[in-house]
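This report concerns only the one structure given below.
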Amino acid sequence: MDRPVTPDRGRAAIQVGADGFGAPAPQAAPTLSIDELRWVIFIIRCARVLAFLQRFAPSKYLPPQEDRIPPVLLERLIRELKKLIPKWRWMSSARALPRSPARLGEEFFYAITALRTSRLELWRAGYTECVAVLDEVYSLLYAIGVRARSRKHRTEARPPDGPAR
């Protein structure tokens, strides 16, 4: 069965799958801007700190179990994002890591959101696993944020226990 070939604006022709959406073959590196590469490094640093804290910090200082990112997902995120960084080039992070755990989680979410704007470029470059793990982490962090907001809303809506003296 012959598959249709789609021209790629003067470059080599792309073989398209039977469903019309063939996954591209991996290339050397995606064309990300310096800022996007700095976000990648920042996300890797945040993921490493989160994995360290979840592994070694006492449970009473951590969020509930359902609000933690699974260590397997953090390791997969780090592994896939490290493929985006050129090995010969050192680059500083987008910013310093926050010291507050709540602020760290918030900055981690914002960095993932910023990097997700380059999903199409990553997918075109053949980094489909990287795109998949970014989407998975984003949806998990979004769900954690929704649960945290609903808990905060419930505690603010609860009336005080007794009359004020």
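Pairs are defined by a Cβ separation below 7 Å, a sequence spacing of at least 6 or placement on different chains, a first member in the stretch 29-49 that is among the aromatic types (Phe, Trp, Tyr), and a second member that is modelled with pLDDT of 85 or more and part of a helix (DSSP H, G or I); the pairs so defined are Trp39/Ala111; Trp39/Ala114; Trp39/Leu115; Phe42/Ala111. Just one of (1) open to solvent by less than 40 Å² (accessible area, probe 1.4 Å); (2) in contact with a Pro (Cβ under 8 Å, 6 or more places away or on another chain) fails for Phe108. It is (2). I'm checking my understanding of the structure. Among residues of the stretch 115-142 that are open to solvent by less than 80 Å² (accessible area, probe 1.4 Å) and part of a loop (DSSP other than H, G, I, E, B), which one is nearest to Glu75 (Cα to Cα)? Going through the qualifying residues, I end up with Tyr127. When the stretch 65-81 is filtered for residues that are over 9 Å from Ala51 (Cβ atoms), in contact with a helix residue (DSSP H, G or I) (Cβ under 7 Å, 6 or more places away or on another chain) and in a helix (DSSP H, G or I), the ones remaining, listed by number, are Asp67, Leu73, Arg76, Leu77, Glu80, Leu81. Which one is least open to solvent (accessible area, probe 1.4 Å), of the residues in the stretch 32-70 that are more than 15 Å from Met91 (Cβ to Cβ) and hydroxyl-bearing (Ser, Thr, Tyr)? Step by step, filter the stretch 32-70, then rank; the result is Ser59.
One residue stands out among those in the stretch 84-96 that are closer than 12 Å to Leu37 by Cβ and aliphatic (A, V, I, L, M): the one that is least open to solvent (accessible area, probe 1.4 Å), which is Leu84. Being over 20 Å from the mean Cα position of the chain (by Cα), among the charged types (D, E, K, R) and at pLDDT 55 or above, is that true of even one residue in the stretch 40-59? No, that holds for no residue. Test of understanding: among Leu140, Leu62, Leu97, which residue is over 18 Å from Thr31 (Cα atoms) and in contact with a Cys (Cβ under 7 Å, 6 or more places away or on another chain)? One residue alone meets the criteria, Leu97. Counting only residues that are touching a residue at least 40 places away in the same chain (Cβ under 8 Å) and either over 13 Å from the mean Cα position of the chain (by Cα) or open to solvent by 60 Å² or more (accessible area, probe 1.4 Å) (or both), the stretch 71-83 holds 1 of them.
Contact map, the stretch 116-145: first residue at positive phi, second residue open to solvent by less than 50 Å² (accessible area, probe 1.4 Å), Cβ cut-off under 7 Å, separation 6 or more or different chains; pairs are Gly126/Pro24.
The values are calculated or read from the model by the stated rules, or taken from the named source; none is laboratory data. Source: prediction; values computed, not measured. FYI the Cβ positions are ideal-geometry reconstructions off the backbone, even for glycines, and counts take in every protein chain you see. SASA here: full protein model, heavy atoms, side chains in, ligands and nucleic acids out. Shrake-Rupley method; radii C 1.70, N 1.55, O 1.52, S 1.80 Å.
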